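This report concerns only the one structure given below.
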Amino acid sequence: MPNQKPTVPSDCAVKDNCPVSSACAPPRAAPCEGIEERHAAKLGMCDVLESVADMLPAVDRGVCLRAAAHLLPVVREAHAFEERSLFPAFEQSRSSGKSLRRLRGEHVEDEALAEELTETLLRIGHGGNVDNPEALGFMLRTFFETMRRHVAFEREHVVPLVRSSATPETHPLPNPAESS
Ligand SMILES: [Fe+2]
């Protein structure tokens with residue numbers, strides 16, 4: 001699981017130019033801190049699920065079990081982080097309204113599908129049959145394609161806006177460490 005530190009990371013690429021860098025001073029954390037590793041974790045799960053889909057109707061039961069073990073924790077932790085840290089900062093931008101509602105809705109839908117996939121992968125991992133390879137392939141592809149689009153949108157539109165539009169004087173940012 002990603003580690004949450006309440007200080008600016010030493011490898012932060014933008015700290016010298018970041019308009020919200022003062023929010024990073026202890027005990028506050030910048031809303032962008034930690035988002036890249038959450039996105040990378042979700043995209044890593046997408047790659048694993050794509051490899052499962054590509055093998056069908058054959059399966060690697062070990063991969064199914066590992067995917068089942070990690071999918072929900074990775075997705076839930078990333079969504080919880082985004083909703084308590086990134087989204088409140090994004091919400092202060094005038095253009096966030098519809099996008100934020102959609103992103104939150106996608107989190108709910110993705111977690112529901114991740115639960116369903118976890119049950120199926122667990123059953124297959126423990127020796128169950130792939131009863132309907134087409135249906136499973138469709139479910140897997142729906143999940144990872146939607147997830148990749150979602151992450152791409154956040155990377156291209158949400159993170160840059162949060163980094164560039166807020167100022168600690170006019171838009172105090174929440175401290176994620178206090179709400180966890
Ligand atoms: Fe998200």
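Here, each number is a calculation from the coordinates, and none is a lab measurement. Small disclaimer: the values here were computed from a predicted structure and weren't measured. A quick note on method: Cβ atoms are made from the backbone with ideal geometry, for glycine too, and the neighbour counts reach across all protein chains shown.
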**Complete:** In whole percents, the bins of 5 Å from zero upward hold the Cα-Cα pairs of region 42-150 as 2, 12, 23, 23, 15, 10, 7, 5, 3, 1, 0
**Asked** If we count every other residue with Cβ under 14 angstrom of A67's Cβ, Lys/Arg +1 and Asp/Glu -1, where does the sum land?
**Response** -3
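For region 34-179, what's the relative contact order in percent, using C-alpha pairs closer than 8 Å and at least 6 residues apart?
40 percent
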**Prompt:** Taking 0.36 nm per intervening residue step and subtracting the Cα-Cα distance, what contour gain separates Q92 from R149 on full extension?
**Reply:** 18.2 nm
**Asked** Given 0.36 nm per residue, what is the gain on full extension from T142 to E111 after removing their alpha carbon distance, in nm?
**Response** 9.9 nm
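When a footprinting reagent is the concern and you count Cβ atoms within 10 Å, what order do L136, L122, L71 take, fewest first?
Least to most surrounded, the residues fall as L122, L136, L71.
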